[in-house]
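Right, one structure below, let's go through it.
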Amino acid sequence: MKRNRARRAEKSARKSPSVGKEKWYAEGLKFTCTLCGNCCSGDPGYVWATKEEIRRIAKFLGRTDGWLGKEHLRRVGLRYSLTEIPDGDCIFLARDGDHPRCSIYPVRPLQCRTWPFWSEMLASEANWTHAGKKCPGINVGKHHSLDEIEAPRKQKKW
Ligand code: SF4
């Protein structure tokens with residue numbers, strides 16, 4: 001899932017997802033990806049990647065220079081984001097089969113690996129429900145326990 005350009009999203013990401021002491025999702029949440037591809041397309045946004053992640057993707061793609069070119073990577077301030085094609089698709093979203101698919105799935109950045117269990121999604125039930133308007137995998141399918149939600153939410157690297 002791309003991060004929104006809006007500063008509000010960055011701000012809410014810093015909020016604790018707890019209400020009082022008990023997290024609103026203490027009983028767990030349902031999520032199963034339907035492979036729709038919505039999270040890798042749509043409105044402009046960022047797919048942040050660390051240098052380590054960039055090198056991993058470059059290796060996966062067989063690049064001998066160990067880095068990604070401008071067609072795949074852009075600099076945003078001090079950080080790097082994967083690029084998008086003009087219709088909003090992530091540059092690595094392939095639409096050559098029955099389903100859209102991530103062409104770098106085994107080495108996708110942490111941001112993609114941890115969706116939808118991000119702090120900003122979990123900051124409130126309203127945020128989670130709102131995210132479900134774009135992601136049909138939210139609130140359906142597999143039940144994830146509190147521990148299974150908190151592990152990706154707190155993950156800093158993979
Ligand atoms: S179901 Fe959600 S996570 Fe899966 S591809 Fe669609 S938007 Fe992305």
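Residue count for region 53-64 under the criterion of being without any contact (Cβ under 8 Å) to a residue 24 or more places away in the chain and assigned to a loop (DSSP other than H, G, I, E, B): the result is 3. Considering L68, L61, L93, the condition of being modelled with pLDDT of 95 or more and touching a Cys at 6+ places or on another chain (Cβ under 6 Å) is satisfied by L93 alone.
Within region 18-40, the residues that satisfy the criterion of being surrounded by fewer than 19 Cβ atoms within 10 Å (Cβ to Cβ) and under 16 Å from C90 (Cα atoms) are L35, C36, G37, N38. Just to verify a result, which residue in region 118-158, among those that are of a type outside the set (A, V, I, L, M, F, W, C), assigned to a helix (DSSP H, G or I) and under 14 Å from the mean Cα position of the chain (by Cα), is surrounded by the most Cβ atoms within 10 Å (Cβ to Cβ)? The residue in question is E120. One residue stands out in region 23-52 among those that are in a strand (DSSP E or B) and closer than 23 Å to D147 by Cβ: the one that is farthest from the chain's Cα centre (by Cα), namely K23.
Mind checking whether some residue in region 95-102 is surrounded by 15 or more Cβ atoms within 10 Å (Cβ to Cβ), within 16 Å of M1 (Cβ to Cβ) and of a type in the set (K, R)? Yes, there is a match, as at least one residue in region 95-102 is surrounded by 15 or more Cβ atoms within 10 Å (Cβ to Cβ), within 16 Å of M1 (Cβ to Cβ) and of a type in the set (K, R).
The values are calculated or read from the model by the stated rules, or taken from the named source; none is laboratory data. For clarity, every value in this text was computed on a predicted model and none was experimentally measured. When we count neighbours, we look across all protein chains shown, and the Cβ atoms used for this are built from the backbone with ideal geometry, even at glycine.
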